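Below is one structure, written out as structure tokens; the observations come after it.
The values are calculated or read from the model by the stated rules, or taken from the named source; none is laboratory data. A quick note: this is a predicted structure, and the numbers were derived from the prediction, not measured. All Cβ positions, glycine included, derive from the backbone under ideal geometry; neighbour counts span all protein chains shown.
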Ligand code: DP6
């Protein structure tokens with residue numbers, strides 16, 4: 001392989017129906033289908049350069065030194081791409097997030113989606129969008145949903161190869177916002193990867209898996225019909241259920257924080273007062289407030305008044321992961 005370089009940008013995403021638990025952890029084949037929206041203001045830009053002069057991969061993420069575990073995950077993904085390109089050439093990787101690294105927004109989705117696009121382009125591989133989602137999935141499950149545009153569904157598979165993500169609507173389909181109320185910037189004690197395997201020990205996981213297809217169908221229908229009153233209850237149910245599974249895993253995982261509960265209770269009050277806003281959560285205490293664009297400013301300003309909300313980031317739907325120059 002000659003020295004080749006490419007840069008790609010990808011949005012992070014927020015899941016409305018969550019990925020929590022794998023049927024095949026090594027290949028990241030999830031237990032259930034999930035559904036998400038790309039986040040326009042939470043992006044990662046990554047440059048990959050394959051260089052015959054290098055004797056090992058050089059990985060830079062943000063300005064801080066890269067931890068060994070993070071580096072190893074990037075190198076493992078480069079290895080997948082090198083195997084496809086039948087190459088042994090090492091790479092220089094530089095990755096920057098547009099959102100503050102302390103904001104508590106998962107960067108593995110945008111990070112591995114951008115890495116997948118930049119590295120496959122730099123390696124001269126020509127893959128379809130579906131193939132790219134299947135490749136990104138192996139690095140971080142949620143990353144596969146950051147490859148296609150707008151609102152995205154990730155479907156699981158009963159075999160171990162065919163789980164992919166696909167767009168169900170472009171960003172301009174619905175001006176839905178995710179106003180993220182940051183209540184903690186601390187790194188979580190238990191990462192998602194560990195949470196996925198712990199989920200298998202919850203006695204309530206089967207109940208969740210039985211309830212999910214109908215909930216996902218409802219959420220998909222709500223997105224296609226731009227019906228927030230239909231989407232809202234489905235996403236709140238699903239977010240609480242994820243945390244319930246985490247808390248009933250053995251040993252239990254608690255992602256909750258007092259300020260998170262305050263924001264959730266405030267959402268119920270605001271809704272009772274006529275504001276159409278619903279919440280969802282990730283594997284952490286920050287609260288994602290889902291509302292239409294016309295209400296986003298009000299939701300942002302109300303949430304700033306809740307005790308211990310540190311920062312608020314308003315996101316509209318984002319586009320597909322893409323190369324920005326070669
Ligand atoms: C709670 O994609 O971060 O955000 O596949 O191990 O990298 P790995 O896990 P990850 O899990 C995301 C979990 C979640 C829900 C979701 O995004 O669907």
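Results for (1) in contact with a helix residue (DSSP H, G or I) (Cβ under 6 Å, 6 or more places away or on another chain); (2) more than 16 Å from the ligand (Cβ to nearest atom), shown as yes or no for each residue.
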position	(1), (2)
202	yes, no
206	no, yes
218	yes, yes
228	no, yes
234	yes, no
251	no, yes
261	no, yes
274	no, yes
295	no, yes
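Counting only strands (runs of 3 or more DSSP E) that sit wholly inside segment 8-104, those with at least 1 residues that are within 11 Å of the ligand (Cβ to nearest atom) and under 24 Å from residue 242 (Cβ atoms) are 22-24, 34-50. When 104, 111 are screened for being crowded, with 19+ Cβ neighbours inside 10 Å and modelled with pLDDT under 95, only 104 passes. Residue count for segment 163-200, restricted to those that are more than 15 Å from the ligand (Cβ to nearest atom), out of contact with any helix residue (DSSP H, G or I) (no Cβ under 8 Å at 6 or more places or on another chain) and within 30 Å of residue 24 (Cβ to Cβ): 1. Does residue 108 meet the test of being within 16 Å of the ligand (Cβ to nearest atom) and either out of contact with any helix residue (DSSP H, G or I) (no Cβ under 8 Å at 6 or more places or on another chain) or within 30 Å of residue 251 (Cα to Cα) (or both)? So residue 108 passes the test.
Given the condition under 30 Å from residue 258 (Cα atoms), touching a residue at least 40 places away in the same chain (Cβ under 8 Å), more than 11 Å from the ligand (Cβ to nearest atom) and under 15 Å from the mean Cα position of the chain (by Cα), answer yes or no: does some residue in segment 111-129 qualify? The answer is no; no qualifying residue exists.
Within segment 72-95, identify whether any single residue is within 20 Å of residue 187 (Cβ to Cβ), surrounded by fewer than 18 Cβ atoms within 10 Å (Cβ to Cβ) and modelled with pLDDT of 95 or more, and answer yes or no. Yes, because at least one residue in segment 72-95 is within 20 Å of residue 187 (Cβ to Cβ), surrounded by fewer than 18 Cβ atoms within 10 Å (Cβ to Cβ) and modelled with pLDDT of 95 or more. Whenever a residue of segment 233-253 is farther than 14 Å from residue 282 by Cβ and touching a residue at least 60 places away in the same chain (Cβ under 8 Å), its partners that are part of a helix (DSSP H, G or I) and more than 14 Å from the ligand (Cβ to nearest atom), lying with C-beta atoms within less than 6 angstrom and at least six residues away or across chains, give the pairs 234/218.
Conditions (1) more than 30 Å from residue 5 (Cα to Cα); (2) at pLDDT below 95, marked per residue:
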residue: 129; (1), (2): no, no
residue: 152; (1), (2): no, no
residue: 160; (1), (2): yes, yes
residue: 198; (1), (2): yes, no
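If you go through segment 287-309 and pick out every residue that is surrounded by 14 or more Cβ atoms within 10 Å (Cβ to Cβ), out of contact with any strand residue (DSSP E or B) (no Cβ under 8 Å at 6 or more places or on another chain) and not in a helix (DSSP H, G or I), you end up with 1. Give the residue, chosen from 240, 214, 245, that is crowded, with 20+ Cβ neighbours inside 10 Å and either modelled with pLDDT of 95 or more or within 17 Å of residue 168 (Cα to Cα) (or both). The unique qualifying residue is 245.
Scanning segment 167-198 for residues that are over 18 Å from the mean Cα position of the chain (by Cα) and crowded, with 19+ Cβ neighbours inside 10 Å gives 174, 183, 198.
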